[in-house]
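Notes for the one structure printed next.
The values are calculated or read from the model by the stated rules, or taken from the named source; none is laboratory data. Quantities reported herein were computed from a predicted structural model and do not represent experimental measurements. Here the Cβ is made from the backbone with ideal geometry for all residues, glycine too, and neighbour counts use every protein chain on show.
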Amino acid sequence: MLPPPGVPVIRRVNWGGLQALYVKEVRRFFKVQLQTIWAPAVTTLLYLVIFTVALGGSGRTVMGVPFAQFIAPGLIVMGMLQNAFANASFSLLVGKIQGTIVDYLMPPLSTGELLAALVGASVTRAVLVGGAVWLAMALWGVDVWPRHPLAILWFGLFGSAMLALVGVVTSMWAEKFDHAAAVTNFVIAPLSLLSGTFYSVEALSPAFRAISHANPFFYIISGFRFGFLERADSNVLIGGAVLLAVDIALAVLCYALLRRGWRIKS
C-alpha cells in the first residue's frame, strides 16, 4: 500500500539513512588511514621534535611548564582541526567534480540529517587523528596526561565541528580542488599557526594580543591546552561560550545553504 501523495513515509529522523551516510563517509577516509590518520600524527610529531630542538633547548619553559609540554596540546588540536576541515571539504566537492553529487541529494535524507552525517564523520576523523597524535607524543615522553577531560572534550569536539562546518561551506563553494586548497593555505593554516600554538599570547604587544583574541582558533587551543596544563591564555568559560556561538552560527549558515542547494543543485 502506497501512502497518499504528500504524506511522508519516514517521520521525524531517518536514523537508518543518517547512519548509512555516516558509515560511508567514515569508511571513505578509513580505507586510506595511512594517509588520513597516521601521516598527520607523524607530521605533528615532527613539528614537536623540530620546535623543541630549535626553541626549547636549555630547559626553556613557557607558562611555567617545559616548552615541549606547552606546545603538545596545541599541536594535537591543530591536527584535529586541519583534518576535520580536510574531510568535510572533500565530500561534496568530489561529488561535484565526479558527477556523483546526486548520491548525496537523492536519498531520503533531510538537510539536517545530511549535515549531521558529514560533520559527524569529520569529527570522527579528527578524534582519531588526535588520539594518534596523543599516543605518539606520549610514547615520545611528553607529559600529555589529561587533567580536565571536560575541557578537552568540549574544545576538541566543538572545535572540530567548527572546522567541519567551514569545510562543508567550502565544499559547496569550491568548483575544483585548487579552491579548497586555497582556503586551507590562506585561511585555515594561518589562523591555526597564529593562534598561540607555539607561544603564549601574553608575550605579544597589546595590538597583536587583541588581534589574537579575535581569532576563534585561539579560544580552541587555549581551552584545549587548559585541559592538559590547567593553564590558559584566556578565560576558559568565555572561550567555550564563544566557540559554541560560532558553531551555532556556522550550523545555521550551512543548513540554509544546503537547503537552498547553493552551488550544488542546477
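How many residues does segment 240-266 hold that are assigned to a helix (DSSP H, G or I) and either modelled with pLDDT under 95 or hydrophobic (A, V, I, L, M, F, W, C) (or both)?
Residues in segment 240-266 being assigned to a helix (DSSP H, G or I) and either modelled with pLDDT under 95 or hydrophobic (A, V, I, L, M, F, W, C) (or both): 18 in total.
Return yes or no: is Ala88 closer than 27 Å to Tyr219 by Cα, at pLDDT 90 or above and assigned to a helix (DSSP H, G or I)?
Yes, satisfied.
Which residues, taken from segment 227-266, are on the phi > 0 side of the Ramachandran plot and not basic (Lys, Arg)?
Answer for segment 227-266, where residues must be on the phi > 0 side of the Ramachandran plot and not basic (Lys, Arg): Glu230, Gly261.
Taking segment 226-256 only, how many residues are within 27 Å of Ala88 (Cα to Cα) and among the basic types (Lys, Arg)?
Residues that pass the stated criteria total 0.
Just one of Leu2, Leu34, Leu75 is buried (at least 20 other Cβ atoms within 10 Å of the Cβ) and either out of contact with any Lys or Arg (no Cβ under 9 Å at 6 or more places or on another chain) or modelled with pLDDT under 85 (or both); which is it?
Criteria check complete, one pass: Leu75.
Identify the residue in segment 105-134 that is farther than 30 Å from Ile221 by Cα and in contact (Cβ under 8 Å) with a residue 40 or more places away in the chain and, among all such residues, is surrounded by the fewest Cβ atoms within 10 Å (Cβ to Cβ).
Pro108
Which pairs turn up if I take residues in segment 90-103 that are exposed (fewer than 13 other Cβ atoms within 10 Å of the Cβ) and look for partners that are part of a helix (DSSP H, G or I) and not aromatic (Phe, Trp, Tyr) with beta carbon separation below 7 Å, at least 6 apart in sequence or on another chain?
Asp103/Gly95
For segment 97-115, which residues satisfy the criterion of being closer than 19 Å to Tyr255 by Cβ and not in a loop (DSSP other than H, G, I, E, B)?
Tyr104, Leu105, Thr111, Gly112, Glu113, Leu114, Leu115
Scanning segment 204-220 for residues that are in contact with a helix residue (DSSP H, G or I) (Cβ under 9 Å, 6 or more places away or on another chain) and among the aliphatic types (A, V, I, L, M), which turns out surrounded by the fewest Cβ atoms within 10 Å (Cβ to Cβ)?
The extreme case among them is Leu204.
Name the pairs whose Cβ atoms lie under 6 Å apart, with the first residue in segment 64-80 and free of Cβ contacts under 8 Å to residues at least 12 places away in the same chain, the second basic (Lys, Arg) and in a helix (DSSP H, G or I), and 6 or more positions between them or separate chains?
If the second residue must be basic (Lys, Arg) and in a helix (DSSP H, G or I), no pairs are left.
Pairs only if they're at least six apart or on different chains, beta carbon under 7 angstrom, first in segment 185-203 and surrounded by 15 or more Cβ atoms within 10 Å (Cβ to Cβ), second among the β-branched types (Val, Ile, Thr); list them, first residue then second.
Ser195/Ile221; Gly196/Ile221; Thr197/Ile71; Thr197/Ile221; Phe198/Ile71; Ser200/Val62
Suppose the filter is in contact with a Gly (Cβ under 7 Å, 6 or more places away or on another chain), surrounded by 12 or more Cβ atoms within 10 Å (Cβ to Cβ) and closer than 27 Å to Ala88 by Cα; does Gly223 pass it?
Yes.
Count, please, the residues in segment 35-81 that happen to be of a type in the set (A, V, I, L, M, F, W, C), outside any helix (DSSP H, G or I) and in contact with a Phe, Trp or Tyr (Cβ under 9 Å, 6 or more places away or on another chain).
Result for segment 35-81: 2.
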